[in-house]
Amino acid sequence: MKKTIISFSIIAACIMAFLTMTSFNTISSASASKALAFDRGEPITIFATTTSSEGSTYYGPVTLSGAINATGTYVMPTEVNGMALHCMFVLTLPAGTITIRMNCNMVTFNGVWKILDGTGAYQNLKGGGKLIMPNDTDEILTGTVRGL
């Protein structure tokens, strides 16, 4: 009888360990792919700081949080048209690039943005939102993105 109880206990413990490990793998896989495989609008914040410039092109680090969590660098050529500032914001991230068009008001220091293109993991990314320029070096973009 003792032998049977011990055998059942060992078998039950092994099954529980297997199920626990399987569920952790599923959660990890789902979390890892969520940032690139979502089909409805997910909130995102993009924070960039200018660290250098060359003429009307600006460079610096960028951090994405929310729907996509990544850090990288950006290049931002700008064009002034009256009191409007038009920028092409190209983000280089570990999983690919994202090209964003930004239109800003130089009086209110806010504007709108829209994703134009992506490569790598971001090739089907779409999205847009609002942006603010709180000072001379920072850009803060908030909005939603979706990937198909």
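Each reported figure results from applying straightforward, stated rules to the coordinates on display, with no laboratory input. Computed from a predicted model, the values in this text were never measured in an experiment. Using ideal geometry, Cβ is built from the backbone for each residue, glycine included, and neighbour counts are taken over all protein chains shown.
If I model a spin label as a point 7 Å beyond the Cα along the Cα-Cβ vector, how far apart are those points for Thr51 and Thr92 in nm?
1.2 nm
Report relative contact order for segment 79-148 in percent, whole number only (criteria: Cα-Cα under 8 Å, sequence separation at least 6).
Numbers: 151 pairs, mean separation 15.4, N = 70.
Over segment 79-148, the number comes to 22 percent.
How many nm separate the modelled label positions at Lys130 and Phe109, each set 7 Å beyond the Cα in the direction of the Cβ?
Output for this residue pair reads 1.6 nm.
Give me a comma-separated list of calculated 3J(HN,Hα) values for segment 47-52, in order, Karplus coefficients 6.51, -1.76, 1.60 applied at θ = phi - 60°, integers in Hz, x for any Gly or Pro.
Karplus-based 3J(HN,Hα) across segment 47-52 equals 10, 10, 10, 6, 10, 7 Hz.
Which cross-chain or sequence-distant (5 or more) residues have an amide H under 5 Å from the amide H of Asp117, H modelled 1.01 Å from N in plane?
Here Thr99 satisfy the definition.
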